[in-house]
1. Excluding the sites themselves, what is the longest stretch of the chain that contains no GluC sites (Glu not before Pro) in a DSSP loop with at most 15 other C-beta atoms within 10 Å?
2. What size of dipole, in debye to the nearest 20, comes out for segment 127-251 about its Cα centre when the only charges are +1 on Lys and Arg C-beta atoms and -1 on Asp and Glu C-beta atoms?
3. Stick to the Cα atoms of segment 5-170, pair each with every other, and give me the Kirkwood hydrodynamic radius in Å at one decimal.
4. Net charge within 15 Å of R58 by Cβ-Cβ distance, Lys/Arg positive one each and Asp/Glu negative one each, not counting R58 itself?
5. Can you give the charge dipole size of the chain about its Cα centre, rounded to the nearest 20 debye, using +1 on the beta carbon of Lys and Arg and -1 on the beta carbon of Asp and Glu?
6. Quickly rank 411-418, 173-180, 254-261, 360-367 as a protection proxy: mean count of other C-beta atoms within 10 Å, highest first.
7. Over the chain, what relative contact order in percent results from Cα pairs under 8 Å that are six or more residues apart?
8. Just want the ordering: S279, S36, S231, from fewest to most Cβ atoms lying within 10 Å of their own Cβ.
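No value in this document is a laboratory result; all are computed from the given coordinates. Computed from a predicted model, the values in this text were never measured in an experiment. Counting neighbours? That spans all protein chains shown, and the Cβs are built from the backbone with ideal geometry, glycine included.
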Amino acid sequence: MKKLTWLMLTGILVISACKEKSDEYKAITNDPLQFSNVVYELNSVVMGNNFSPIVASRNYMYASVAAYEVIAGGYPHKYYSLAGQLNGLDNVPQPDTSKIINYEFASFLAFCNLGEAVTFPAGSMTEYTDSLKKMVLGKGMSTEELKNTVAYADTVSAVIMEWSKGDNYASTRSAPKFTINDVQGRWVPTPPAYSSAMEPHWHKIRPLVLDSANQFIPPPPPPFNMTDTNSLYYQEVIKLKKAGDSLTDEQKHIANFWDDNPFKLNVSGHFMFGTKKFSPPGHWMSIVGIAAQKANFDYAKTVYAYALTAITQFDAFIQCWDEKYRSNYARPETVINQFLDADWQPLLQTPPFPEYTCGHSTVSSANAEALTFVFGDNFSYTDTSELEFGIASRSFESFRHAADENNWARFYGGIHFHNSCIVSTEFGRKVGDFIVGKLKMEKENSIVNH
């Protein structure tokens with residue numbers, strides 16, 4: 001795994017650190033950009049190791065919840081613990097207030113602990129966190145404060161790690177594979193990789209705030225019918241094909257901006273290679289960092305924003321995947337190739353799971369509600385997270401504006417019928433609304449909105 005960019009930039013500080021005891025270390029530990037940087041590193045590792053978007057949402061969630069619980073323990077007048085609020089999380093140890101603890105640094109360390117436990121290779125964060133511990137000692141943190149800080153981070157991390165073991169993830173690793181039945185209208189693997197169905201048992205994963213995976217069941221999609229040209233299904237297929245055959249440059253940019261394909265297989269003759277980008281949950285975690293910096297959030301509130309987003313998208317994926325493998329809807333590419341044009345290809349590469357409902361639209365609209373709750377409506381921002389993949393930035397008037405654009409992006413990309421995107425956006429909002437209406441996290445927001 002590559003070393004953190006921030007670590008490389010600040011490494012010189014370790015050598016030249018002031019030996020005099022002072023509060024200088026707080027400029028490092030209390031800087032919210034440091035938390036955003038470690039979330040970015042998690043993004044990079046998730047991308048580099050080909051974690052699916054659904055599994056990635058779990059990686060972000062446990063690390064973010066651990067970080068948040070440390071903040072809630074340190075600032076109980078500002079934040080509620082999630083113990084007793086998230087399914088299965090019954091108790092999180094509170095700090096010993098007689099001891100000096102740097103809660104921001106403890107939160108950072110807890111994120112790294114869980115990030116390593118559920119995502120990073122074992123021991124991969126040791127060099128990084130050890131260097132930071134040396135740095136803060138050199139900048140004035142006492143040995144006793146560091147000892148207390150590490151101990152509290154480890155205590156909370158252990159509880160969150162133990163809680164994670166009860167979410168059914170391990171059992172789904174050995175669950176039966178999805179059965180392929182080549183029946184018209186039913187999902188089958190798509191080119192070029194023809195990969196097997198991704199995470200067909202994700203509805204069995206324990207949700208966090210939702211009562212169950214099927215708490216919000218969408219209406220059934222239009223029944224398959226390619227013989228009646230007046231049927232709703234046929235019209236949806238034609239609408240998508242016509243749009244895909246006449247895309248404007250702006251529509252292509254929208255589709256590519258929200259593509260977020262963690263692994264695209266490129267095929268040229270007998271030559272094949274993969275290209276990677278952040279997945280949908282990784283894209284939205286990047287948006288949180290952009291918004292938090294613009295809003296000038298302090299460290300604690302930045303952690304809160306990440307945690308609420310990670311929780312929301314985790315449950316949104318569970319809700320969506322429950323429907324995907326209930327309806328088992330065929331992808332547009334499959335239907336168009338079979339009935340209309342054997343050579344037709346969508347602009348974006350079709351991901352390996354059923355079409356209805358749309359995961360990205362569901363997660364985006366759910367996250368839009370969570371972030372609107374945190375930052376307020378009409379919070380404008382420019383999303384620069386795709387620049388490193390050679391895709392120009394886009395600006396939005398609000399998070400809901402971004403979610404609505406994502407709705408069209410999947411349609412322009414040729415991988416989702418527009419009806420699916422509309423329904424997905426509606427039910428993603430239901431998930432987001434439910435979560436922000438039920439969870440109590442930031443006490444000021446909770447008093448106003450609950």
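1. 25-396
2. With only Lys, Arg, Asp and Glu charged at Cβ, the dipole is about 240 debye.
3. 16.4 Å
4. Details: positive: K165, R173, K204, R206; negative: E116, D167, E199, D315.
It works out to a net charge of 0.
5. So the dipole magnitude of the chain works out to roughly 540 debye.
6. Details: 411-418: 25.6, 173-180: 10.4, 254-261: 23.0, 360-367: 31.8.
Top to bottom by mean Cβ count within 10 Å: 360-367, 411-418, 254-261, 173-180.
7. On the way: 730 pairs, mean separation 91.8, N = 450.
With pairs under 8 Å counted, the relative contact order is 20 percent.
8. Numbers: S279 28, S36 22, S231 15.
Arranged by neighbour count, lowest to highest, S279, S36, S231 become S231, S36, S279.
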